[in-house]
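Only one structure is covered here, and it is reproduced in the block below.
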Amino acid sequence: MSQHEKIDYLEFPSRDLASSKAFFSAVFGWDFSDYGPDYSAFANAGIDGGFYAADLAARSAEGSALAVFFSDNLEQTQSKVEAAGGTIVKPIFSFPGGRRFHFTEPAGNEFAVWSHPLTDQ
């Protein structure tokens, strides 16, 4: 449900819409609806959004915002990212409050996944 003055929708460039759609469907279970050949909207992602055809890629080192996913099992999610053709650009590392890794999807956009810190068992 849309909320007044809250983030409602995210858009990302994609150098290859088909590969972006296949990757996010395989790894995160997103659903897609195409709106012509140059735009595909996604749903079932925690927030709705879309990919638009462009010769660009979103990278945090170039000033882009970084979308960060949450995972209950960071290593398992990293394996899924790699199996679906993603590239790990920052391996799992600890930070205050948890652990995370960064990856690029096949069209070159950077994302991250975080999880709670490991606890002694």
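In the set 69, 42, 95, 51, only one residue is hydrophobic (A, V, I, L, M, F, W, C), free of Cβ contacts under 8 Å to residues at least 60 places away in the same chain, over 14 Å from residue 105 (Cβ atoms) and out of contact with any His (no Cβ under 8 Å at 6 or more places or on another chain); that residue is 95.
Selection of the stretch 78-103 for residues being of a type in the set (Val, Ile, Thr) and surrounded by fewer than 19 Cβ atoms within 10 Å (Cβ to Cβ) yields 87, 88, 89, 92.
Quick one: in the stretch 27-40, which of the residues that are within 12 Å of the chain's Cα centre (by Cα) and surrounded by 15 or more Cβ atoms within 10 Å (Cβ to Cβ) is farthest from residue 80 (Cα to Cα)? My answer is 30. Could you go through the stretch 57-65 and let me know if any residue there is under 24 Å from residue 98 (Cα atoms) and charged (D, E, K, R). Yes, some residue in the stretch 57-65 is under 24 Å from residue 98 (Cα atoms) and charged (D, E, K, R). With a requirement of 3 or more residues that are closer than 14 Å to residue 114 by Cβ, the strands (runs of 3 or more DSSP E) lying completely within the stretch 16-103 that satisfy it span 67-70, 87-95.
In the stretch 69-81, the count of residues that are hydrophobic (A, V, I, L, M, F, W, C) and closer than 23 Å to residue 2 by Cα is one or more.
Computed from the coordinates by the stated procedures, all read-outs in this text should not be read as laboratory data. All figures in this text were calculated on a predicted structure; none of them were measured in a lab. Neighbour counts run over all protein chains shown; Cβ positions are idealised from the backbone, glycine included.
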